[in-house]
Amino acid sequence: MKELTHGNPAKLIFFFTIPLLIGNIFQQFYNMADMIIVGQTLGKDALAAVGSTGSITFLIIGFAQGLTAGLSIITSQYFGAQNYQGVKKSFATSILISAAVTIFLTVLSLVFVHPILVLMQTPPEIIKDAQTFISIIFVGIFAAMAFNLLSNMIRALGDSRTPLFFLIIASVINVVLDLILIINFHMGVAGAGIATVTAQIISSILCVLYIRRRIPNLQLRKKDFAINKEEIRTHLNIALPMAFQSSIIAIGAIVLQAALNSLGTDVVAAQAASSKIEQFATQPMMSFGIAMATFTAQNYGAKNYKRIIQGVNQCLVMSIGFSFLAGAIVIFFGDHLVTLFVSAKETKVLALAQTYFNVNGSMYWLLAILFIVRYTLQGLGQSVIPTLAGLMELVMRSFAAIILTAVFGFIGAALASPLAWAGSVVVLIASYIKAMNRLKSLERAKMNEGL
């Protein structure tokens with residue numbers, strides 16, 4: 001395990017981010033593998049079916065990801081304060097909360113999956129495959145929740161490398177199973193869903209084995225699971241707003257997807273392919289943000305207030321720099337990357353995807369700022385303002401879906417993300433400045449106490 005409370009902040013953040021970045025890329029890779037194999041072997045309609053479920057998946061799985069990330073912040077603060085019994089108690093509390101939420105999400109998602117697909121105006125020719133794929137993913141919510149919780153807990157203690165290795169293994173398994181189940185066993189989109197869930201189960205088991213053998217601070221006994229209402233309340237105060245924030249953003253994506261569905265299969269396929277490539281391109285910015293949450297939480301627990309400010313400033317420079325590089329790549333090479341998903345003969349799909357890249361790639365710098373500011377505030381234990389920022393994203397995406405798409409077509413839809421990023425930053429920035437000033441005041445008070 002690694003404490004982020006000592007040493008050069010920029011160097012620590014960078015090297016903590018690298019495994020996160022590689023891990024996130026591999027996670028996207030095994031998600032993208034489904035679409036590449038589906039698109040190249042089953043055709044454009046099957047690709048659109050899988051791609052059209054992305055926003056619904058984000059609604060449910062995103063809630064799980066936000067919840068577990070929030071739970072791990074409390075664990076990280078305990079670790080920074082060197083309260084190792086608190087670390088154990090936090091982990092046990094997080095397991096109990098995650099188990100209860102998993103049951104609720106699984107039942108809720110399976111009951112309402114078909115009505116949501118209909119409400120989203122999913123094209124009739126792809127709705128059956130879309131429901132088959134997404135239902136399998138929802139049956140496996142327990143696996144996604146388990147891996148996210150365990151990997152976030154490992155990272156909370158400063159280890160961002162080990163979850164990377166497990167993701168690499170899971171990615172390879174996912175691709176192999178995709179090929180076997182889709183090509184050899186002719187299972188169609190169901191094979192892609194089964195492959196994804198199986199890979200998540202295996203990665204979760206690897207996390208459990210690693211914790212049992214290598215991380216004493218996360219090895220629990222029966223007494224650690226004693227229900228403590230105050231601990232549960234403390235964890236939920238941070239975790240639930242982060243979970244709802246992810247789902248609020250996802251609702252905006254669902255509204256946008258409904259608008260895209262009304263424009264036809266070519267548009268849905270173009271959006272599905274280009275958004276997958278964008279998820280790769282934006283991983284450096286997201287990874288820097290996740291790193292800042294752990295860095296901030298540990299140092300806040302250790303009362304290293306000045307160090308947090310220094311780390312944030314250095315991380316902003318690095319993340320914005322990467323955003324310009326990522327934007328250039330998707331703008332100049334994005335249309336070539338889309339041919340991973342669809343045939344080069346699908347010229348309309350390629351042209352639509354290029355439009356998406358031109359609009360979004362030029363604004364990645366704004367997304368870089370958003371990730372750093374949001375995750376820093378969350379690392380400090382703030383949850384209300386980031387949730388309000390999520391609501392602003394919902395408003396802006398809905399505006400683009402309902403108004404701009406109706407007026408400008410696909411270009412209006414492509415503007416949804418940049419508008420959402422801008423709206424969210426506007427909401428966050430005042431709270432961020434206030435938080436930085438508070439850290440300065442705490443640092444001055446600490447210095448005066450030392451005199």
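The values are calculated or read from the model by the stated rules, or taken from the named source; none is laboratory data. It should be emphasised that the depicted structure is a prediction, and the values quoted were computed from it without experimental measurement. All Cβ positions, glycine included, derive from the backbone under ideal geometry; neighbour counts span all protein chains shown. Calculation scope for accessible area: heavy atoms of the full protein, side chains included, ligands and nucleic acids excluded. Shrake-Rupley method; radii C 1.70, N 1.55, O 1.52, S 1.80 Å.
Residues in the stretch 62-99 that are open to solvent by less than 10 Å² (accessible area, probe 1.4 Å) and closer than 19 Å to Gly140 by Cβ: Gly62, Ala64, Gly66, Leu67, Thr68, Ser98.
Taking each residue of the stretch 219-247 that is in a loop (DSSP other than H, G, I, E, B) and looking for partners that are open to solvent by 60 Å² or more (accessible area, probe 1.4 Å) with beta-carbon atoms closer than 9 Å, six or more apart or interchain, yields Gln219/Arg212; Ile227/Leu96.
Residue count for the stretch 130-146 under the criterion of being over 21 Å from the mean Cα position of the chain (by Cα) and open to solvent by less than 30 Å² (accessible area, probe 1.4 Å): the result is 1. Right, Val172: open to solvent by 40 Å² or more (accessible area, probe 1.4 Å), over 19 Å from the mean Cα position of the chain (by Cα) and either under 22 Å from Leu42 (Cβ atoms) or among the aromatic types (Phe, Trp, Tyr) (or both) or not? Answer is yes for this residue.
When restricted to residues that are within 30 Å of Leu47 (Cβ to Cβ) and of a type in the set (A, V, I, L, M, F, W, C), the stretch 282-323 contains 4. Exactly one residue out of Phe280, Phe225, Phe244 is over 30 Å from Ala400 (Cβ atoms) and not aliphatic (A, V, I, L, M): that is Phe225. Every condition in (1) open to solvent by 20 Å² or more (accessible area, probe 1.4 Å); (2) more than 25 Å from Ile141 (Cβ to Cβ); (3) not β-branched (Val, Ile, Thr) is met by Phe244 except one, and the failing one is (2).
Here Thr296 meets the list (1) within 20 Å of Ser55 (Cα to Cα); (2) open to solvent by less than 50 Å² (accessible area, probe 1.4 Å); (3) not hydrophobic (A, V, I, L, M, F, W, C) almost entirely, failing just condition (1).
Anything in the stretch 109-126 that is open to solvent by 20 Å² or more (accessible area, probe 1.4 Å) and in contact (Cβ under 8 Å) with a residue 12 or more places away in the chain? List them, or say none.
Residues satisfying the conditions are Leu110, His114, Ile116, Leu119, Gln121, Glu125.
Here's the yes/no breakdown for (1) modelled with pLDDT under 90; (2) surrounded by 18 or more Cβ atoms within 10 Å (Cβ to Cβ); (3) not in a helix (DSSP H, G or I):
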position: Val101; (1), (2), (3): no, yes, no
position: Lys128; (1), (2), (3): no, no, no
position: Asn148; (1), (2), (3): no, yes, no
position: Ile154; (1), (2), (3): no, yes, no
position: Gly158; (1), (2), (3): yes, yes, yes
position: Pro163; (1), (2), (3): yes, yes, no
position: Gly193; (1), (2), (3): no, yes, no
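A search for C-beta distances below 7 Å between a residue of the stretch 318-342 that is touching a residue at least 12 places away in the same chain (Cβ under 8 Å) and of a type in the set (Ser, Thr, Tyr) and any residue that is open to solvent by 60 Å² or more (accessible area, probe 1.4 Å) and in a helix (DSSP H, G or I), counting only pairs 6+ apart in sequence or on different chains, returns Ser323/Trp365.
Applying the criterion of being at pLDDT 90 or above and closer than 24 Å to Leu404 by Cβ to the residues of the stretch 327-353, the residue that is most open to solvent (accessible area, probe 1.4 Å) is Ile331. Every condition in (1) open to solvent by less than 10 Å² (accessible area, probe 1.4 Å); (2) in contact (Cβ under 8 Å) with a residue 60 or more places away in the chain holds for Ala281 except the one numbered (1).
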